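Below is one structure; the comments refer to it alone.
The values are calculated or read from the model by the stated rules, or taken from the named source; none is laboratory data. Since this is a predicted model, take the numbers as computed values, not measurements. All Cβ positions, glycine included, derive from the backbone under ideal geometry; neighbour counts span all protein chains shown. When the accessible area is computed, the model is the full protein with side chains, heavy atoms only, and any ligands, DNA or RNA have been set aside. Shrake-Rupley method; radii C 1.70, N 1.55, O 1.52, S 1.80 Å.
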Amino acid sequence: MNNEQRSTPSLRGSWMALAGLSAIFLFEMLDNSILNVALPTIGRELHSSTTALQWVTGSYAVVFGGLMLLFGAIADRFGRRRVMLIGLVLLAIASLATAFVTTAEQLIAVRAVMGIAAAMTTPGSMALAFRLFDQESLRVRAITLISTVGLVGLAIGPTVGGLVLAVAPWQVLLLINVPIAVLAIIGIRAGIAADDPAELHRDPLDIPGALLATATIVFALVAPTMFVDDGAGSWMPWAMTAAAIVAAALFVLRERSARHPLLDLGLLARPLVSSGLAFKAAAGLATAGLSYLVTLQLQLAWGWPPALAALGMLPQVVVLLALGPFVNPFVERVGIRRAAWMSAAAVVAGLAVYAVFNSLGYVFVAIALALVAAGLRMIGVVAAINVLSGLPKNRTTIGAALTDTTTEVANGVGIAVAGTILAALFTGSITASGWTGRQVAEFQGAATLGGLVLTAIAAAFVVFGFVRSHRAGDTEEGSTEDAVTDTAAADRAAADPAV
């Protein structure tokens, strides 16, 4: 089947495929957020330590981020649709296994398998969305639609999680993935044709590069928790930190010398690519760190029940949903590069508000959630478009893998930083009910320090992205602005039945 037969002329004509691809992004974003509100409940029922509780969410991010580039390369060679369908079956099986979990270690293992499934499904979804259409405007609209569904999942995750916990066990939160996986399988099988062998890569896989990339991510995320568990006087945390640095250096050397590298480092030097990834990193750090700290603060420090804590996250939901119709008009007015750094700056501002004013009451927590949500709603579209616009057309799969890898690693780092600082400053078990006044004060100090550290890191990424985006060449700028024009034109034509 050739490309002309494979592409579809309209969004309506490809609704089955878009439903399947949207379901994948819904799983990715919903899974990131839905468990956060259940962490205290999971900790109590599974008798888990603070570090184990941190890895209930961190293991997924580590495996997902570490393997995404590898599975993106595999999909380019053996078929994006085929690898995606296998990953969806694995996701359904792993989610069903949650019903039999009795220990924190078992849950961490299940979450790791779910991370593998996510790494198999997510990178190819953006590439498949590009395959559906020949027109750039329709491609941008399709990506906007898919990312919107994912952001809705991120927004409603804590609320849904809290409401479910009020009437059902926490395992139900992961069993939700089963019907989502089934929907995705149906949509992709019915709406997307099998890969044309002529369009697949024949270059050999860079297995050493993939192993080094995975090792770098894992070592970098494990090292902070070991400093807390073993102390700075132990040799293990320092050895883990050194291993992360060595693995990163070896990865760079490997990719520069390999005939067929896993990741062409030259692509990262492109201004639009590096700026887009920097903005995604800032948003991932802020979103994950803020959600982790706010959830624990509402339920444990302030004593809110799960259902009320879920309602406390509503400012995030309202802003994400309300700003949807204003994304394209805003981008058209200010330009995609300015929209990218402005939205990333809003995310950092929201995190800073939480870090400085969270002890003054819920009003400031709500303002922080709203600011982060406003920035995230925009970044979810414009940063990805920046990255893809800055890459050659035959590198969109690796571009999608890069953006998602950046987000997942940033999420893991955000939780790791917040969790490590909290574990270092908090005495006793964080999951125990009935905190003393001293423990509440310790949590407050940890939340403030963790928020400030994350704000500083995220701000550094935004500044770097701002500088890089303003060094973009005229060619890159022109192609990106054309994409914005195409988006606006497509929006104006949305009422046309032909579209």
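In the chain, the longest principal axis of the Cα atoms and the axis of helix 474-492 are about 90 degrees apart. The magnitude of the dipole of the chain, with charges of +1 and -1 set on the Cβ of Lys/Arg and Asp/Glu and taken from the Cα centre, is near 80 debye. Heavy-atom accessible area for S433, with the other protein chains in place and a 1.4 Å probe, reaches approximately 100 Å². Listed values for segment 242-256 are Karplus-derived 3J(HN,Hα) couplings in whole Hz (6.51 cos²θ - 1.76 cosθ + 1.60, θ = phi - 60°), namely 4, 5, 5, 5, 5, 4, 5, 5, 5, 5, 4, 4, 4, 5, 7, and x replaces Gly and Pro.
Spin-label pair T436-L96: with each label point 7 Å from Cα along the Cα-Cβ axis, the two points sit 4.8 nm from one another.
Evaluate the Kirkwood expression for the hydrodynamic radius of segment 193-325, namely the inverse of the mean inverse distance over all pairs of different C-alpha atoms, and round to one decimal in Å. Kindly include the intermediate steps, with their values, before the conclusion.
Values: mean 1/r = 0.0521 Å⁻¹.
One over the average 1/r among Cα pairs gives 19.2 Å for segment 193-325.
Counting only alpha carbon atoms, the long axis of helix 136-165 and the longest principal axis of the chain meet at about 20°.
For segment 74-87, 3J(HN,Hα) computed residue by residue from phi via the Karplus equation (6.51, -1.76, 1.60; θ = phi - 60°) reads 4, 4, 5, 9, 10, x, 5, 5, 5, 5, 5, 5, 4, x Hz, glycine and proline entered as x. The listed residues V252, V63, V372, once ranked by accessible area (1.4 Å probe) with the largest placed first, stand as V252, V63, V372. Each residue of segment 323-335 was assigned a 3J(HN,Hα) from its phi angle through the Karplus expression (A = 6.51, B = -1.76, C = 1.60, θ = phi - 60°), giving 7, x, x, 9, 5, 5, x, 5, 5, 5, 6, 9, x Hz with x at Gly and Pro.
Write down, largest first, the equivalent ellipsoid semi-axes of segment 28-128 in whole Å, where each equals the square root of 5 times an eigenvalue of the alpha-carbon gyration tensor. Write down the numbers at each step before the final one.
Values: eigenvalues 151, 31, 22 Å².
So the three semi-axes of segment 28-128 are 28, 12, 11 Å.
Length available on full extension from I86 to V463: 0.36 nm per residue minus the Cα-Cα distance, which gives 131.7 nm.
Could you tell me the relative contact order of the chain? Use alpha-carbon pairs under 8 Å, at least six residues apart, and round to a whole percent.
Relative contact order of the chain: 24 percent.
Counting only Cβ charges, +1 for Lys and Arg and -1 for Asp and Glu, the dipole size of segment 9-162 around its Cα centre is about 380 debye. Angle of helix 336-357 to the longest C-alpha principal axis of the chain, folded into 0 to 90 degrees and rounded to 10: 10°. Less than 5 angstrom separates the built amide H of F133 from those of T8, all sequence-distant by 5 or more or on a different chain. The gain in end-to-end length when the R338 to R189 segment is fully stretched comes to 49.8 nm, 0.36 nm per residue minus the alpha carbon separation.
Between W304 and Q299, the built amide H atoms are under 5 Å apart, and every one of these is 5 or more places off in sequence or on another chain.
If I compute solvent accessible area with a 1.4 Å probe over the protein chains, what percent of it on segment 57-118 is carbon and sulfur?
Values: 1550 of 2010 Å².
The C+S portion of the solvent-accessible surface of segment 57-118 is 77 percent.
Charging the Cβ of each Asp and Glu at -1 and of each Lys and Arg at +1, and nothing else, the dipole of segment 40-110 about its Cα centre rounds to 340 debye. Working ranking of peptides 419-425, 25-31, 384-390 by packing, defined as the average number of other Cβ atoms within 10 Å per residue, highest first, is 384-390, 25-31, 419-425. With protein chains left intact and a 1.4 Å probe, residues in segment 320-362 average 45 Å² of accessible area per residue.
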